[in-house]
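Structure record follows, encoded as structure tokens.
The values are calculated or read from the model by the stated rules, or taken from the named source; none is laboratory data. This one's a predicted model, so the numbers in the text were calculated from it and none came from an experiment. Here the Cβ is made from the backbone with ideal geometry for all residues, glycine too, and neighbour counts use every protein chain on show. For the accessible areas, the whole protein counts, side chains as well, though only heavy atoms, and no ligand, DNA or RNA atoms are used. Shrake-Rupley method; radii C 1.70, N 1.55, O 1.52, S 1.80 Å.
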Amino acid sequence: MNMRALFGCLLAAAMTLAAGAANAHPHVWITATSELLYAADGSITGVRHAWTFDDMFSAYAVQGLESKTKGTYTREELGPLAQTNVESLKEYAYFTFARADGKKERFQEPVDYFLDYKDTVLTLHFTLPLKAPVKPKQLVLEVFDRSFFIDFKMAKDNPVKLVGAPSGCQMKLDRPNDGTASAQQLNEQTFLNGENSNFGMMFANKITVDCP
Amino acid sequence: MKPQLSPLARGLLACAAVLLVVGVADAALHHLLAQTPFGAPRPAQAADSEAGGLIGWLLAKQSEFYRQMSATIRAAKSDGSAVWTLLFISFAYGIFHAAGPGHGKAVIASYLVANRETARRGIALSFASALMQSLVAILVVGISAWVLNATAKTMCKAEAVIEIASYALIAAFGLRLVWVKGGAFIRALQVAQPVPAIAGVPHDHDHGHHHHHDAHDHDGHDHHRHDHGHAHAHHHHAHHHGNDHVHDEHCGHSHGPTPSELAGPGGWRRGFAAILTVGIRPCSGAILVLVFALAQGLFWAGIAATFLMGLGTAITVAAIAVVAVSAKDIAARLSAGRDGGGALFMRGIEFAAAGFVLLFGVGLLFGYIAAERTTCF
């Protein structure tokens, strides 16, 4: 009896801790704008992101980088860093999750990536082509960090652009600071994934595009 | 009299106490703060769900303080008084941040429980490990960024190496605890067998305590008669101090060679492993703040901020440590029953705490448990 209670305790304790381990807080803030890229036939080919980092992380990222002029960095000088960025992002699935009519879509490796440095902050530009173009009635694109190490926020102005979308397509953006949207998201996600450990998804930015 | 129910009830109560140790170790602030009717000052949280609400609040607070740091460091360039604000923010951030993962508070709490440590030592350990954590962060940034002008990529690699080393250390530390505590537990199991024979002898409440000494001093050999002498001889003593650990130190008992290295008196030497294990891994936040401060030409302000963060962290971890030790003492009191199972149960709890450290380290090492990520990307 004691032994069993003991292992029960141990298990419960381990689970308490594992659950708690998700309680990280963001160390990096990203202000994002995203463009959905459409082909001529109206199918979606990919996503182009522009992510602007906060000044603290920007200072960290450019630490030790060589530049001709002190305090400024050209696109070329930032080239290797951009390379590192997109390579590292792979592990996190680029923090970009797409579902076409409810079906998960995958992305290829990023193309056309570069960094620019303006007003002491870095912006990472990159394009994520879909593995295969899709032409769904509804596309849901979510941008968030599961572990909430990075706090993604869609830009205030023109956060999402549909590039070459067929007429009649409607875009809706649910920001995480909209309490009702988050709650809905949580329920839906919980339902769809069958897991509720995705703490960061409460902070997801959800872009929904409905096309006729 | 229901001999079946009593151990069950005791077991449940003691289990609750253990859970309290870990639960508090992990989420003390969350729950505490949940009681207070604070609103949701920051939008980035789903206030609807209970967990989201309180975790969100905690996160929001940390984020708030953390985000203010860069602006404050910038301000400090032109306005010296902003440094005071920076120090305050860092301190507050440290307090809140330590309630999150990655600060080894679970390791400290488990270590304290496993080793029957005093609350005072728990506080000392918390402060020492937080200080070490601050120093490591300052050294990492000082050497790599300031002296060598290394890039973020290089620093990140260094961080990653330290991280793996720290996880391995936690696992090794846990393994060692398991080894020692497993031995004590098995000995307690062996001792527990003949106990029912003398269970009828009326005991006082000190039962659990004297069994501590039993497994401790005599390596669990059959010394029952001797044990009783011990229990009575030290009965008043224990009550004077109200705490068997203090009693341990004061009486200067000679401890068996096996547990003595970890559980016997020996000042800092014994806690050093815990300090090293917990303190070797710097906090990502501190590294970012330091590099940012360096980039602003205010490295010293970053260093000051890092120490204040450490101080804040230490206070939270120390509070958790005290709660852990108290909860364990409650468990000890609850389990000090009539049939001698109490000692076994306490050995079991210590063994479980040791196992927990091991599991935690292994989990971190192999990525089953996500800790605070390093800033690599």
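Summed over the range B:59-69, residues that are surrounded by fewer than 23 Cβ atoms within 10 Å (Cβ to Cβ) and under 15 Å from B:Leu290 (Cβ atoms) total 0.
Scanning the range A:50-71 for residues that are more than 14 Å from chain B (Cβ to nearest Cβ) and either surrounded by 19 or more Cβ atoms within 10 Å (Cβ to Cβ) or touching a strand residue (DSSP E or B) at 6+ places or on another chain (Cβ under 9 Å) (or both) yields a count of 2. Of all residues in the range B:122-140, none are within 14 Å of another protein chain (Cβ to nearest Cβ), of a type in the set (S, T, N, Q) and open to solvent by less than 20 Å² (accessible area, probe 1.4 Å).
Filtering the range B:291-305 to residues that are within 14 Å of chain A (Cβ to nearest Cβ) and open to solvent by 10 Å² or more (accessible area, probe 1.4 Å) leaves B:Leu294, B:Ala295, B:Gln296, B:Gly297, B:Leu298, B:Phe299. Cβ-Cβ contacts under 8 Å between residues 6 or more apart (or on different chains), taken from a first residue in the range A:148-163 that is farther than 17 Å from A:Leu37 by Cα to a second residue that is acidic (Asp, Glu) and assigned to a loop (DSSP other than H, G, I, E, B), are listed as A:Phe149/B:Glu372; A:Asp151/A:Asp145; A:Phe152/A:Asp145. Scanning the range A:82-110 for residues that are assigned to a helix (DSSP H, G or I), within 16 Å of A:Lys131 (Cα to Cα) and open to solvent by 20 Å² or more (accessible area, probe 1.4 Å) yields A:Lys90, A:Ala93.
Take the residues in the range B:362-377 that are at pLDDT below 80 and more than 7 Å from chain A (Cβ to nearest Cβ); name whichever of them is nearest to B:Ala165 (Cα to Cα). Per the criteria, the residue is B:Leu365. Per the listing A:Ala32, A:Ala5, A:Ala61, A:Ala50, the residue uniquely modelled with pLDDT under 90 and under 30 Å from B:Trp57 (Cα atoms) is A:Ala61.
Residues in the range B:141-167 that are among the polar types (S, T, N, Q), surrounded by fewer than 20 Cβ atoms within 10 Å (Cβ to Cβ) and either at pLDDT 85 or above or part of a helix (DSSP H, G or I) (or both): B:Thr154 only. Out of the range B:114-140, which residues are among the β-branched types (Val, Ile, Thr) and assigned to a helix (DSSP H, G or I)? Hits for the range B:114-140 are B:Ile123, B:Val136, B:Ile138, B:Val140.
Residues considered: B:Leu358, B:Leu288, B:Leu308, B:Leu334. Of these, the only one that is open to solvent by 20 Å² or more (accessible area, probe 1.4 Å), within 12 Å of chain A (Cβ to nearest Cβ) and not charged (D, E, K, R) is B:Leu358.
Outside any helix (DSSP H, G or I), more than 19 Å from the chain's Cα centre (by Cα) and either at pLDDT below 85 or within 14 Å of another protein chain (Cβ to nearest Cβ) (or both): is that true of B:Gly80 in this structure? In short, yes. Going through the range A:112-158 one residue at a time, which ones are of a type in the set (A, V, I, L, M) and in a loop (DSSP other than H, G, I, E, B)? A:Ala155, the sole residue that qualifies. State whether one or more residues within the range B:105-113 are under 30 Å from B:Phe292 (Cβ atoms), within 14 Å of chain A (Cβ to nearest Cβ) and more than 13 Å from the chain's Cα centre (by Cα). There is no residue in the range B:105-113 that is under 30 Å from B:Phe292 (Cβ atoms), within 14 Å of chain A (Cβ to nearest Cβ) and more than 13 Å from the chain's Cα centre (by Cα). Inspect all residues belonging to the range A:138-150 and state whether any of them is surrounded by fewer than 17 Cβ atoms within 10 Å (Cβ to Cβ) and at pLDDT 90 or above. Yes - at least one qualifying residue is present in the range A:138-150. What do you reckon, is A:Thr74 surrounded by 15 or more Cβ atoms within 10 Å (Cβ to Cβ), more than 13 Å from chain B (Cβ to nearest Cβ) and β-branched (Val, Ile, Thr)? In short, no.
For the condition touching a residue at least 12 places away in the same chain (Cβ under 8 Å) and within 14 Å of chain B (Cβ to nearest Cβ), A:Leu37 does not qualify.
Just to be sure before I move on: is A:Asp112 on the phi > 0 side of the Ramachandran plot, modelled with pLDDT of 90 or more and touching a strand residue (DSSP E or B) at 6+ places or on another chain (Cβ under 6 Å) in the structure I sent? So A:Asp112 fits the description; yes. Only a single item in (1) over 19 Å from the mean Cα position of the chain (by Cα); (2) free of Cβ contacts under 8 Å to residues at least 12 places away in the same chain; (3) assigned to a strand (DSSP E or B) is not met by A:Lys70, and it is number (3).
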